[in-house]
1. Give me the angle, in degrees from 0 to 90, between the Cα long axis of helix A:395-414 and the longest principal axis of the Cα atoms of chain A, rounded to the nearest 10.
2. Quick check for me: using +1 on Lys/Arg Cβ and -1 on Asp/Glu Cβ, what's the dipole size of the protein assembly as shown about its Cα centre, in debye to the nearest 20?
3. Got the relative contact order for chain B handy, in percent, Cα pairs under 8 Å and 6 or more residues apart?
4. Once you keep just the Cα pairs under 8 angstrom separated by 6 or more residues, what percentage relative contact order results for the stretch B:75-203?
5. Given R₀ = 60 Å, what would the calculated FRET efficiency be for B:Lys319 paired with A:Leu200, taking r from the Cβ atoms and rounding to 0.05?
6. Counting only DSSP beta bridges with both residues in chain A, what percent are antiparallel, rounded to the nearest 5?
7. Nearest-5 percent of antiparallel DSSP beta bridges in the protein assembly as shown?
8. To the nearest 0.05, what FRET efficiency results for A:Glu25 and B:Asp247 with a Förster distance of 56 Å applied to their C-beta separation?
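Readers should treat all values here as calculations from the given coordinates under stated rules, not as data from a laboratory. Note that the structure is a prediction, hence the values are computed from the model and not measured. Neighbour counts are summed over all protein chains in view; Cβ atoms, including those assigned to glycine, are modelled from backbone coordinates with ideal geometry.
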Amino acid sequence: MVTTNAIYESLTKIVGKDYVSASKEERYFYARDGGLMPPHEPDFVVLPRTTEEVQQIVRLANRERIPIVPAGAGLALTGLVIPQRGGIVVDMKRMDSILEVNERARYVIVEGGTTQGALKSYLQKHYPHLRHSIPDAPPSATVVANAVIHGQGRLAHQHGFNSDMVSGLEVVLPTGEVCRIGSCSVSPYWFSKGPPLPDLSGLFLGWFGTTGIITKLGLKLYPCKKMRDVMVLLTDKVELVPDILLRLSHTEMVEDVVISAQPLPLRFRGTFWIMTYVTGDSDEELEFKRKMVWNAVWDYFQSRDVGFISTSPEGKAPLLSMPSKDTTRFADVAKGGGFQYAGPITPIEKFPAFIRKLEEVAAKYNVFYGSTTRLIGSGHCMMFSFSFSFNRANPDEMARAKKALDECSKFALEEGAVLWKPDRDEQKMMMERMDPNTLELMKKIKQLLDPNGIMNPGNWEMK
Amino acid sequence: MLELQFNKTKCSNCEGIFCLTRCQYIHLDKATAKSEWQKIVNGKDSFVLQACTTCYACEEYCPFDNHPFYLIVERQEEKGVLPAPRPIITMWVNQCQPVGRFTVGRVGPKMLSYCFLPHFNTLVKGKLFEDMFGAVVFGQEFFCNAVYLHYARTSVIKERLPQIMENIRKLGVRELVCLHDECYGTFSSLAPAYGIEVPFKPVHYFEYLYNKLRGMEKSIVKLNVRAAYQRNCSSRLAPETDRFVDDIFNLIGVERVKREYDRGNALCCAEIIRMGKGPALADDVQKRNIDDIVKAGAEYCVFNCPACWDALADKVARKGIKPIHMIDLCKLAIGETQSLKLPELAVEV
């Protein structure tokens with residue numbers, strides 16, 4: 001076993017002294033995220049600039065059996081990049097280049113630390129007719145981390161999870177080899193993460209960095225229409241929500257559908273707000289789509305169960321902003337900046353039951369709640385958030401919020417949902433329910449790729 | 001419980017039934033109008049209760065000030081008629097519920113009411129308001145509640161309005177300059193119609209602007225422009241204020257273009273109609289209105305109500321007509337600049 005100093009020196013040789021730290025301040029910062037999982041400090045924080053540097057860091061860690069945690073902006077809120085066993089946090093933010101945009105094949109290749117905000121700005125400036133699916137995370141969230149956790153963005157209704165939009169990967173395996181995944185493994189083009197080849201992207205997406213470090217990622221881009229609008233539908237009948245969502249989806253005219261439910265501010269109380277986004281290259285196109293949305297729920301409108309709010313341009317602005325700022329606002333409702341949510345992926349028919357559970361649990365634990373749901377695919381599923389905000393300076397409130405979250409997650413699993421970006425406790429809950437052969441397969445994959453168990457230990461940890 | 005001060009006899013003796021025969025949305029001959037109105041007066045059901053767009057205009061058309069619109073709203077609520085979808089009504093009732101959050105600026109005997117409209121934070125600037133700077137009430141605790149006339153909820157008005165009066169009275173306000181017609185209409189018409197005492201003098205901001213401009217006539221540079229005036233629904237509660245539009249326009253050199261949909265025949269912004277009746281009628285009303293403005297050769301469309309601004313400013317601008325709020329128009333005449341403008345990026349892609 002080499003000494004801590006020797007590891008530090010080795011890391012310094014790889015990335016330069018300015019990009020390695022073992023200082024108390026850095027270790028404190030990288031020990032935690034904004035959620036409720038307990039902190040744990042790393043021994044080192046390192047910021048590589050190249051794939052080769054990542055390779056060398058991984059080889060060092062593998063040789064010395066040191067835990068290694070690849071990190072984006074650390075915004076998952078479920079402790080996915082908290083170094084539960086210490087070791088090295090590999091902060092990817094220096095690897096932030098946008099390497100290539102292929103306009104005709106509509107994809108972009110970014111480095112592993114490129115942020116959503118940087119990609120958005122770059123496309124707006126250089127390729128305003130192209131866009132990617134921006135998640136409602138802060139702009140500092142990285143493209144790779146969001147894909148790795150199967151994030152969802154503004155194009156989720158049309159094109160699915162952000163990981164579905166990946167078009168190729170470059171990965172440093174836990175044993176140090178660099179591996180290309182998808183069309184880029186046999187071609188200079190990054191248009192497909194799998195087909196027509198065996199789709200190996202599943203060895204890395206959803207694994208939370210436990211099977212390798214993604215150093216480059218190809219991402220599909222989509223047409224960016226010139227205009228965009230939001231129509232706000234309200235209903236007070238929770239049981240109608242799934243049918244409304246299906247009808248909206250059936251139009252095939254809707255960019256994105258987000259449902260908001262929360263008791264405060266008062267205007268939200270007692271109603272479900274269904275934000276329906278439409279886009280167009282002309283007024284005519286936009287107007288046609290608006291009419292299709294109206295027509296989709298016209299009988300509910302006539303029965304007075306569904307209404308549309310007239311929203312001013314100023315009122316629409318926050319709804320149209322990407323990412324939405326409302327999440328951040330909600331996060332501080334309780335004052336004290338604490339916010340976490342359980343986000344099960346579930347059939348949309350579960351919406352009424354999940355809302356009832358959210359209200360029940362919030363009352364039981366006396367915590368402030370909200371929910372933001374996003375339609376994924378053409379009604380194939382939705383992300384339903386059981387969201388709670390809390391005061392970080394109030395340990396009792398934090399404990400109650402954690403209990404509320406755990407109860408909601410358990411309930412969601414019992415109702416047939418799959419937990420999204422689960423924390424380690426939720427991962428265990430899912431693995432306990434998982435088909436044993438599936439679990440065994442995951443175990444074999446993990447052992448094959450990471451024989452020494454160095455990659456982000458504590459996550460997807462199978463006994 | 002507060003009751004509407006309504007006189008049946010006035011309606012029995014009415015020959016014109018203008019409340020219904022002049023309605024721009026329900027087209028009735030006089031006999032049918034009389035029959036349906038009597039049903040409403042006598043508390044019976046009438047299709048009018050369902051068909052009403054809540055444009056407020058009948059309140060102006062009644063020659064006896066007998067409050068036909070308030071009666072329609074009373075009857076709608078009694079009969080469970082929903083002029084808008086139920087969740088929209090719920091949202092409005094919840095949104096403006098008093099919660100004890102008093103947004104009050106510099107307290108004085110004369111104050112401005114911003115109603116519940118943030119637009120006035122942008123509009124209220126410059127010399128026209130320099131001696132009123134900061135003397136503002138805003139928000140739920142001072143909200144006039146007239147909006148519930150659109151939603152068949154006079155019960156909410158009757159429940160909340162007395163406390164609103166009390167909140168303003170406690171401030172020691174003697175004159176309240178109402179920047180939104182709903183407030184002025186509430187204090188000058190709706191509250192008295194329900195026998196609610198108004199413990200201050202409501203002043204319409206048109207009157208305020210006119211008097212301020214009179215005081216600075218030497219600074220006025222005639223604008224020499226042609227403008228269409230967009231009347232709003234709640235101006236129907238206080239039609240006497242319409243003369244100030246002419247007075248102000250005359251003072252600052254603005255020609256009020258003659259057009260079909262002005263004065264008593266004005267069309268509202270139609271967003272309430274959209275919420276209640278759907279897009280077809282609302283789009284038709286807006287198209288007729290804007291086409292009329294274009295046809296009349298207006299250079300400007302002058303808005304009174306910020307909600308009308310939200311609904312129509314962008315649409316008139318697309319027709320080459322400059323949207324402007326009345327306050328901003330007055331500012332132009334004294335060499336100041338327009339504050340309330342269309343957002344540069346209403347749509348973010």
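1. In chain A, helix A:395-414 runs at an angle near 80 degrees to the longest axis.
2. For the protein assembly as shown, the charge dipole is close to 640 debye.
3. 16 percent
4. 30 percent
5. According to the calculation, E is roughly 0.60.
6. The answer is about 90 percent antiparallel.
7. 70 percent
8. 0.25
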